[in-house]
Amino acid sequence: MAGKAKPKKHTAKEIAGKVAAATTNKGGGKAGLADRLGGAAGHAKFKCPSCGIQSPSIKSAEMHWDSKHPKLPFKPEDWSDMHAVHGGVTTQGVAVKGSSKEKTKHELAKSQSGQQKLKEIEQQKAMAKFQ
Ligand SMILES: [Zn+2]
């Protein structure tokens, strides 16, 4: 009986999957879903004061107004800025698993590439002193 080929520890597909899992905004249950949909504000920025339809920009808002409510004057200030109402943020990435934090020196020192990076940081600091 021929021996089975030894399976590779990590296939490229596996690694790609892990990278995707760490950087893709998915999961997180209801909070994650709501976040991807743009949170409470939604991705559309402006809301029509007449019919409530949402528009991503004041330009398209005006186009909507001209075609749907041509009898009324277009007043940009009447269009509520949904992003401002909800604090200017539409999405927070609550379900993104990868950390956005910088690695600490201690973490960097654990790996060879990290140690290289530490050296670079030290060199940059030294250079800055003489400038
Ligand atoms: Zn409208």
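Just give me the residues in region 47-59 being free of Cβ contacts under 8 Å to residues at least 12 places away in the same chain and outside any loop (DSSP other than H, G, I, E, B), in sequence order.
Within region 47-59, just Lys59 meets the criteria.
For (1) over 29 Å from Ala20 (Cβ atoms); (2) modelled with pLDDT of 65 or more, each residue gets a yes or a no:
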residue	(1), (2)
Gly52	yes, yes
Lys59	yes, yes
Met63	yes, yes
Ser67	yes, yes
Phe74	yes, yes
Trp79	yes, yes
His83	no, yes
Gly93	no, no
Gly98	no, no
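With respect to Ala44, determine if the residue is of a type outside the set (Ser, Thr, Tyr), part of a loop (DSSP other than H, G, I, E, B) and at pLDDT below 70. Working first, answer last.
Details: of a type outside the set (Ser, Thr, Tyr): yes; part of a loop (DSSP other than H, G, I, E, B): yes; at pLDDT below 70: no.
The answer is no for Ala44.
The values are calculated or read from the model by the stated rules, or taken from the named source; none is laboratory data. Here the structure is a predicted model, which means the values were calculated and not measured. Methodologically, a virtual Cβ is constructed for each residue, glycine included, from the backbone with ideal geometry; neighbour enumeration extends over all protein chains shown.
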